[in-house]
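In what follows, a single structure is set out as structure tokens and then discussed.
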Amino acid sequence: RARDFTEITVVLLAALATTGFVGVRPQIVSFLLFFFAFEIGKRIYDGTEWSKQKSLWAVLLTVLFFIWANLHAGFAGGLLLITLLFSGELIELRRKSKNVHMRGIPQMLTLGIASVVTLFNPYGSELYGEIWRTISSPGNTRFIVEWQPAFTVFGAASLIWMFVGVFL
């Protein structure tokens, strides 16, 4: 999360610097939706009691995953993110209370429904199979430019941007 305008400016400049490499491609939508999923997920899985406001965020999250699954396979990374947030929520609930099973149900349902709505796409459950085949194929790492280390594509400029980003 950005703390001030300077950090947002650096991120935007870094994003602009990568457009020559990445271009305007479908994964750009996934980057944007990943950040939306993170922000929504932080509001749902924040260690506090379930509320009406969290219910609205949960509905928004499921709609986001429905749209995302129909746009780009990057939704699988978003589901992994939400799963990690949910796991952190369960650990936090367990630390605070002994009645974890009942308090974690709405959060678990949110994750479950968000996962199920991703099946409503033209490929159904085969989409998951295709994602697995793509990420587990050893040949893909040679041919998909976006999966190459940044310094092999950008050179020294990418290292400078990485250091700037890390130290902000």
Restricting the stretch 44-69 to residues that are under 13 Å from Val116 (Cα atoms) and not aliphatic (A, V, I, L, M), the residue that is surrounded by the most Cβ atoms within 10 Å (Cβ to Cβ): Trp68
Unmet criterion (only one of (1) at pLDDT 70 or above; (2) surrounded by fewer than 12 Cβ atoms within 10 Å (Cβ to Cβ); (3) in contact with a Phe, Trp or Tyr (Cβ under 8 Å, 6 or more places away or on another chain); (4) over 25 Å from Phe36 (Cα atoms)) for Asn140: (2)
Qualifying residue in the stretch 110-129 (condition: of a type in the set (Phe, Trp, Tyr), modelled with pLDDT under 95 and in a helix (DSSP H, G or I)): no
Total residues in the stretch 40-65, condition touching a residue at least 40 places away in the same chain (Cβ under 8 Å) and either touching a Pro at 6+ places or on another chain (Cβ under 6 Å) or aromatic (Phe, Trp, Tyr) (or both): 3
Residue match in the stretch 79-102 (condition: assigned to a loop (DSSP other than H, G, I, E, B), open to solvent by 40 Å² or more (accessible area, probe 1.4 Å) and modelled with pLDDT under 95): yes
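The values are calculated or read from the model by the stated rules, or taken from the named source; none is laboratory data. What you are looking at is a predicted structure, and each value in this text was computed from that prediction instead of being measured. Positions of Cβ are backbone-derived with ideal geometry, glycine not excepted, and every protein chain shown enters the neighbour counts. Note: accessible area is taken over every heavy atom of the protein model, side chains too, but ligands, DNA and RNA are not part of it. Shrake-Rupley method; radii C 1.70, N 1.55, O 1.52, S 1.80 Å.
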